[in-house]
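The values are calculated or read from the model by the stated rules, or taken from the named source; none is laboratory data. Bear in mind the structure is a predicted one, so any value in this text is a computation, not a measurement. Cβ: placed from backbone, ideal geometry, glycine included. Neighbour counts: every protein chain shown.
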Amino acid sequence: MTDETASIDRVIRERRTINNFLPERPPVETIIEAIDAACWAPNHRQTEPWRFHLLGPESIAAVVDLNARLVAASKGDAAGEVKRQRWSEIPGWLAVTCSRIPDDALREQEDYAACCCAIQNLSLSLWSRGIGGKWTTGAVTRHPDYFATLGLNAEENLSVGLLWYGYPQTVPEQRRRPVDEVLVQLP
Ligand SMILES: Cc1cc2nc3c(=O)[nH]c(=O)nc-3n(C[C@H](O)[C@H](O)[C@H](O)COP(=O)(O)O)c2cc1C
C-alpha cells in the first residue's frame, strides 16, 4: 500500500459525524476550497446537479426559528426552545440541494446519488482539514419555508440535507460490520 492510499483510507475510516462543535467558525475560504474539491464527484451525463448554499447569520436564524416552531408544534414549547438553543450553537451551516428535472424519475435518482457523492467528498475534504460535519435531513429540510429561506422554488429543487460543520469538540466512536458480512463474491 502506498502512503497516498493509506492516507486516503485513513480519512475515509476516521471521518465521523460530529454532534458537538467548538464555537469557532472555520474560515469561509477553507469551506469554499473543500466545496470546489467536492464537485469532482461522479455525476451521470455530467449534470453537476449539486448546489451548495452557505448560510449567513440571517438565514441561519430563519432555519433555527423554523425548526424550533416545527418541534414546538409536534412536541411542545419546551422541546422547541431546547432545539432552538442547541441549533443556535452550531457554528457552520451549508444547505445542499439538487436541481430537479420534472417528470424524469431516473434522472432525479441519479442526480440525487451524485449529490450524495458530493456531500461525502465534501465531508472527507473538510475532515482532512480538521473540520467535522453532520449531514442532517430532519423535517425542516423539506419544509416549504426552508426552500423560501434559500430563495429556491421547491418544485425545481430537491433538498439533500443540511451539512453542519465546525471544529469537533468530541469525536464519537462508530462501528462497521466486518467486510465478509457485506460482500458477496460470485463465481
Ligand atoms: C442521508 C443521510 C441523512 C442523515 N441524517 C441524519 C439526521 O437527520 N440526524 C442525524 O443525527 N444523523 C444523520 N445522518 C448521519 C448518520 O446518523 C451517521 O452517518 C451515522 O450515524 C454513522 O456515523 P458516522 O457518519 O460517524 O460513520 C445522516 C446520514 C445520511 C447519509
Counted residues in the stretch 49-79 being in contact (Cβ under 8 Å) with a residue 12 or more places away in the chain and not in a helix (DSSP H, G or I) come to 7
The condition of being under 29 Å from Arg100 (Cβ atoms), exposed (fewer than 10 other Cβ atoms within 10 Å of the Cβ) and at pLDDT 95 or above holds, among Gly161, Gly133, Gly151, Gly138, only for Gly151
Flagged in the stretch 13-49 as surrounded by 13 or more Cβ atoms within 10 Å (Cβ to Cβ) and within 15 Å of the ligand (Cβ to nearest atom), in numbering order, are Arg15, Arg16, Thr17, Ile18, Asn19, Asn20, Phe21, Ala38, Ala41
Query raised in the report: Has the stretch 85-103 got at least one residue that is closer than 29 Å to Glu33 by Cβ, modelled with pLDDT under 95 and either among the polar types (S, T, N, Q) or in contact with a Cys (Cβ under 6 Å, 6 or more places away or on another chain) (or both)?
Result: yes
Residues of the stretch 1-12 being within 16 Å of the ligand (Cβ to nearest atom) and aliphatic (A, V, I, L, M), in sequence order, are Val11, Ile12
Among helices (runs of 4 or more DSSP H) completely within the stretch 99-187, the ones holding 2 or more residues that are touching a residue at least 60 places away in the same chain (Cβ under 8 Å) are 105-128, 144-149
